[in-house]
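Before any comments, here is the structure.
What follows draws every value from the coordinates through simple rules; no lab data is involved. On a predicted model such as this, the values are computed, not experimentally measured, just so you know. All Cβ positions, glycine included, derive from the backbone under ideal geometry; neighbour counts span all protein chains shown.
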Amino acid sequence: MIGISQFRFPTDIRFGVGACSVLTEFARKYKVNRPLLVTDSGLPETEAFSLAADEMDRVWPGEYMKFTGVHPNPTDQDVEDAWESYAQGDCDGIVGLGGGSALDAAKALRLKVAFPEMALPEIPLAELPPTLIPMCAIPTTAGTGSEVGRSTVITIRQVGRKMVLGAPPLMAEMAILDPELTVGLPPNLTAWTGMDAMTHAVEAFVCPVFHPMCDAIALEAIRLVRLYLPRAYSDGADIEARGMMLIAAAMGAVSFQKDLGAAHSLSHLLSSEFGIQHGLANAIALPAVVLFNGEHDSSQYERIAGALGCSEPSDDPALWVADFLNEFNRSIDITQRLRDLKIPRENLPELAAKAMEDGCHLSNPRQCTESDMLRLYKEIW
Ligand SMILES: [Fe+2]
């Protein structure tokens, strides 16, 4: 019996060098006359910011506002502060510019604009209007794919925990993927964010949700990361590699419409408790989760092994994939161990308990208990 599924790929994506010029079209199509540019505090120093700001100046001369106060792992306070700027500036649209944090804060701001009286966690996601205030998303990293995603991850200060707010209207109306904006990303962040894209695609593919379209997209994202991440890592100015990594990141995020898995639960806690960069935490967690899932069903990794370049059928595809990922991490200088990141071993039980509260593992192909989480943390420690 086939149940009813929903497939949505609505984001208008513009890709290519100089793609920021289509902000003109965003302004016209969505009647945006006074946008708020939402970004993080580090970005105004960068070449990416200058390139985007030049286009903003051209399209909205003297008519746009800036909010540059988004923190890494953005909080609800960041969103409240952005809302102040938005309201004071009498804005009518949003341009999100930056990595996942800036884009997620920009998306959450759209919720706040729709429900200005409510605190973020109280906003009824099921009652959102079909369209929110128009948003254009411009990523400056290639990893989270937040520009095409329908969710935003915000840390709620009162409970000290990351909250995933997801609903289809949260998808940006337009995403601009301009490889020139990612050229200045340093090698370590290139590697880490790239492995976030890889983790999205691998976890989405094995996630037990019926979505053959996303499965195909996930496999291509995996192939692209394998081919282009090492190039973007070793030569940041390789514009073809930068461009294909932006495509891979967007595809990875489209594929996780299906959902994610246990690697993201393990990594969310490493970020919120120890400030480990999200992609780095995923890169370390993913091979262990592949082996763990493979103990129950290794064959689900067969096509992933193929996308990673495995030409011979393998008796244990999960083992092949995990070995490949460990070697791939090494090739882009990603550490394999939590101990190298100064995470105390005695904290692992507490981390495991908290990881159980993270929703991502609920869609892992193999059910995880708290002791499984602890075992996985110990394996990567
Ligand atoms: Fe992620």
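Brief remarks follow.
- Stretching the chain fully between F9 and K378 yields a gain of 129.0 nm (0.36 nm per residue, less the alpha carbon separation).
- Using a Förster distance of 56 Å, the FRET efficiency for V17-R345 (Cβ separation, nearest 0.05): 0.75
- If only the Cβ of Lys and Arg carry +1 and only the Cβ of Asp and Glu carry -1, the dipole of the stretch 227-381 around its Cα centre is close to 320 debye.
- Projecting the Cα positions of L165, L338, G243 onto the charge dipole of the chain (unit charges on Cβ atoms of Lys, Arg, Asp and Glu, taken about the Cα centre) puts L165 furthest along the positive direction.
- Karplus-derived 3J(HN,Hα) values for the stretch 55-72, using 6.51 cos²θ - 1.76 cosθ + 1.60 with θ = phi - 60°, are 5, 4, 4, 6, 7, 10, x, x, 10, 10, 10, 10, 10, 10, x, 6, 8, x Hz; glycine and proline are entered as x.
- E84/M213 FRET efficiency (R0 45 Å; Cβ-Cβ; nearest 0.05): 0.65
- Additional length obtainable on full extension of the chain from E295 to Q367, 0.36 nm per residue less Cα span: 24.7 nm
- Alpha-carbon Debye profile of the stretch 45-151, log10 I(q)/I(0) at 0.17, 0.23 Å⁻¹: -0.81, -1.46
- Length added when fully stretched, L125-E327, from 0.36 nm per residue minus Cα-Cα: 68.6 nm
- Its DSSP H runs of at least 4 residues, each contributing -39,500 (n - 2.57), put the calculated 222 nm mean residue ellipticity of the chain at -15000 deg cm²/dmol, to the nearest 500.
- Ratio of Rg to Rh for the stretch 121-201: 1.02 [Cα atoms; Kirkwood radius as inverse mean 1/r over pairs].
- Radius 13 Å from Cβ of D40, net charge of other residues (Lys, Arg +1; Asp, Glu -1): -3
- Computed from Cα positions, the angle between helix 317-331 and the longest principal axis of the chain comes to roughly 60 degrees.
- Protection proxy ranking of 192-199, 132-139, 178-185 - average other beta-carbon atoms within 10 Å, highest first: 192-199, 132-139, 178-185
- Distance (nanometres) between label positions extended 7 Å along Cα→Cβ at S311 and E220: 2.4 nm
- Cα-based Kirkwood hydrodynamic radius, the chain, one decimal, Å: 20.8 Å
- Amide N of the stretch 92-121 lying under 20 Å from the label point, which is placed 7 angstrom from the Cα of D57 along Cα→Cβ: 95-98
- For I380, neighbours were defined as the other residues whose beta-carbon sits under 12 Å from its Cβ, and their charges (Lys and Arg +1, Asp and Glu -1) total +3.
- Exceeding the 31 Å Cα-Cα cut-off - candidates K31/K258; K258/K342; K107/K342; K112/K354; K66/K342; K258/K354: K31/K258; K258/K342; K107/K342; K66/K342
- Near I156, once Lys and Arg are set to +1 and Asp and Glu to -1 for all other residues with Cβ below 10 Å from its Cβ, the sum equals +2.
- Label-zone membership for the stretch 342-374, site E273, 7 angstrom Cα→C-beta point, backbone N under 11 Å: 343-357, 374
- Per-residue packing, averaged as other Cβ atoms within 10 Å, sorts the ranges 214-224, 300-310, 49-59 into the order 214-224, 300-310, 49-59, beginning with the highest.
- Once the Cβ-Cβ distance of K29 and T335 is raised to the sixth power relative to R0 = 45 Å, the FRET efficiency obtained is 0.50.
- Across the stretch 1-103, Cα-Cα distances exceeding 24 Å account for 30% of all pairs.
- Charge dipole (Cα centre; +1 on Lys/Arg Cβ, -1 on Asp/Glu Cβ; no other charges) of the chain amounts to roughly 220 debye.
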